[in-house]
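To keep things clear, I will list the structure first and then write my remarks on it.
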Amino acid sequence: MYKLYLADCAEHTKICLRERFYRHIFNTHFNLSFHTPKKDHCVTCTAYEIANAETRVTLQENYDRHIAFKNRARQEKNSDKIESVKL
Ligand SMILES: [Zn+2]
């Protein structure tokens, strides 16, 4: 974000603030923040979720395979946890 600000200043021949002051102004004078996702999503899931209905049709097969693989990996992890407790 600061790099964009610097580029904008250079483009409009404006004097730039130092990064520290820029951050201070950004954090205290604007009601803005960066969205922190509650859970990380991979590229495949994100592409599917933001796709429109038409695009989803083309992504569906790959997404279904991805979810099946994810579920299988989760099952394997859980069974490994159970096995490790037995040892
Ligand atoms: Zn995913």
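Every read-out reported here was derived from the displayed coordinates using simple, explicitly stated rules and does not represent laboratory data. These figures come from a predicted structure and were not determined experimentally. Every residue, glycine among them, receives a Cβ derived from its backbone with ideal geometry; neighbour counts consider all protein chains shown.
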Is it the case that some residue within region 42-60 is more than 13 Å from the ligand (Cβ to nearest atom), loosely packed, with under 10 Cβ neighbours inside 10 Å, outside any helix (DSSP H, G or I) and polar (S, T, N, Q)?
-> yes
Which residues, counting only those in region 13-41, are surrounded by 11 or more Cβ atoms within 10 Å (Cβ to Cβ) and under 21 Å from the mean Cα position of the chain (by Cα)?
-> His41
